[in-house]
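Written out below as structure tokens is the structure these notes cover.
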Amino acid sequence: MVETDIYEKLRKIMNTGTAIKLPKHKAVGEMLRAIFSEEEAQLLAVFEKSQQPLSSEKIAQLSGVPEEKVKKIFDDMAHKGKVIKAGNFYVLMPFVPGLFEVYFTHNRDDPERMRKAAKAYRELFYAGHPFELSAGGYPLYRVIPSVEPTEKIIEINKSLEVQHQVLPYEVLREYLSKANLFAVVPCSCRNAAKLAGEPCKRTDENFCVTTDFLAKSVLDQGVGRQVTLDELMEIMKKAEEAGLVHETINIQDTSVFICNCCPCCCGFLKSVREFHNYNAITKSNFAPRWNGNLCQRCEKCMEICPMGAIFHHWPHSEDESDDIMVIREDLCIGCGVCASNCLNGAITLEKVRNVVPVKSQAEMEEKFRIARAH
């Protein structure tokens, strides 16, 4: 029973100070056992005594294991994405965001271990873990609308009143331009889904992005590739063509990662699509507007909409004036994928809300914790 106890202890340590908790569920135990060997879990238990990053020397002192052995084990874990190495220090990550993303992005562990971890995570997902994402009164993720339709709005809005202006954190290029370093990395969600036997239905390309210190960390580990801002914007447009949604942490400051999400793999978007877990994300401040005079009724928008929010209302009136594409705003998240993929420019975006995120990640986490419902 020692093995069970150490993984339960590790679960509790990983939950300390984090907004999204790992529940006491058999799938969690299976997942942690798949990711961490018992020796690794025993060493990671020293983080119970200090939540701060620890050096190999300090870990050796706390564990009683020789420092040379500690360094070898922790460097191997960092290489495989089980911990983060920052200089001479090691960081034990919470599960989400953290271990899940880094472990499945690095994708370097034993394939059988990773397969077991991915299958356990899938079981955890359908056991209701996504509702941890909406446990607070403040959504953790937000949608950033598609590139080209938003750029058109900026031009139009030059003549509109102030309350309708498009703000920097609502425009992808402006939001990203505050960062100094960019790296495109494999998508953890799609990697995990593929390992679990459910590969992505939209793409097998890499579109997820890290910035600044996280970009440096992954590049130092030999993960992903560095790109310029201009190159990154072309990648973002290509992601939209694949029907992917730009999502990031729900703050004004530029996040260290921006996801390009599909509804079949992404933990946030999948939970919204399948569980109607809309409190897990903040919709963008935009909504699509359909122009029947330009529309060819090709149904491209209906096919590519990640939320299934568009349908073709076939006519039943004599003059066929009700042959229209209908956009269900209750399901729509304002991603603009329909507008960016419309073949005839029949769908545009309009700013319809002015939901303002908090400035920093620290503020967001505090707001989430204070309002936790469970």
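The values are calculated or read from the model by the stated rules, or taken from the named source; none is laboratory data. Please read these numbers as outputs of a predicted model, since none were measured by experiment. In this analysis, Cβ positions are derived from the backbone assuming ideal geometry, glycine residues included, and neighbour counts consider all displayed protein chains.
Please work out which residue is farthest from the chain's Cα centre (by Cα), limiting yourself to the range 83-95 and to residues that are closer than 22 Å to A193 by Cα and surrounded by 23 or more Cβ atoms within 10 Å (Cβ to Cβ).
If we take residues in the range 83-95 being closer than 22 Å to A193 by Cα and surrounded by 23 or more Cβ atoms within 10 Å (Cβ to Cβ), then V83 is farthest from the chain's Cα centre (by Cα).
Residue by residue through the range 21-36, note down the ones that are hydrophobic (A, V, I, L, M, F, W, C) and surrounded by fewer than 22 Cβ atoms within 10 Å (Cβ to Cβ).
Across the range 21-36, the qualifying residues are A27, A34.
Inclusion of Y169 among residues that are within 18 Å of the chain's Cα centre (by Cα), modelled with pLDDT under 95, of a type outside the set (G, A, S) and within 14 Å of K351 (Cβ to Cβ) is warranted.
Residues of the range 62-78 include none that is under 23 Å from N206 (Cα atoms), of a type outside the set (A, V, I, L, M) and surrounded by fewer than 17 Cβ atoms within 10 Å (Cβ to Cβ). Evaluated against (1) farther than 17 Å from V218 by Cβ; (2) at pLDDT 95 or above; (3) over 22 Å from the mean Cα position of the chain (by Cα), D75 falls short on exactly one condition, (1).
For the range 132-153, residues that are in the same structural domain as A196 (by TED's automatic domain parsing) and in a helix (DSSP H, G or I) total 7. Kindly check whether there is at least one residue in the range 97-108 that is without any contact (Cβ under 8 Å) to a residue 24 or more places away in the chain, surrounded by fewer than 24 Cβ atoms within 10 Å (Cβ to Cβ) and either at negative phi or among the acidic types (D, E) (or both). Among the residues of the range 97-108, not one is without any contact (Cβ under 8 Å) to a residue 24 or more places away in the chain, surrounded by fewer than 24 Cβ atoms within 10 Å (Cβ to Cβ) and either at negative phi or among the acidic types (D, E) (or both), which makes the answer no.
Apart from one condition, G81 fits all of (1) in contact with an Asp or Glu (Cβ under 7 Å, 6 or more places away or on another chain); (2) part of a loop (DSSP other than H, G, I, E, B); the exception is (1).
Would you mind finding the one in F89, F47 that is more than 28 Å from N206 (Cα to Cα) and either in contact with a helix residue (DSSP H, G or I) (Cβ under 6 Å, 6 or more places away or on another chain) or among the hydroxyl-bearing types (S, T, Y) (or both)? Lay out the reasoning, then the answer.
Numbers: F89 fails: either in contact with a helix residue (DSSP H, G or I) (Cβ under 6 Å, 6 or more places away or on another chain) or among the hydroxyl-bearing types (S, T, Y) (or both).
After applying the criteria, what remains is F47.
Restricting attention to the range 354-368, the residues that are at pLDDT below 90 and surrounded by fewer than 15 Cβ atoms within 10 Å (Cβ to Cβ) add up to 1.
Does the range 308-329 contain any residue that is touching a helix residue (DSSP H, G or I) at 6+ places or on another chain (Cβ under 9 Å), closer than 30 Å to T18 by Cα and in contact (Cβ under 8 Å) with a residue 12 or more places away in the chain?
No.
Among helices (runs of 4 or more DSSP H) entirely within the range 12-69, having at least 1 residues that are in the same structural domain as Y121 (by TED's automatic domain parsing), within 16 Å of I84 (Cβ to Cβ) and in contact with an Asp or Glu (Cβ under 6 Å, 6 or more places away or on another chain) singles out 56-63.
Which of the following residues is under 30 Å from K21 (Cβ atoms) and in contact with a Cys (Cβ under 6 Å, 6 or more places away or on another chain): C301, C265, C335? Matching residue, one of C301, C265, C335: C265.
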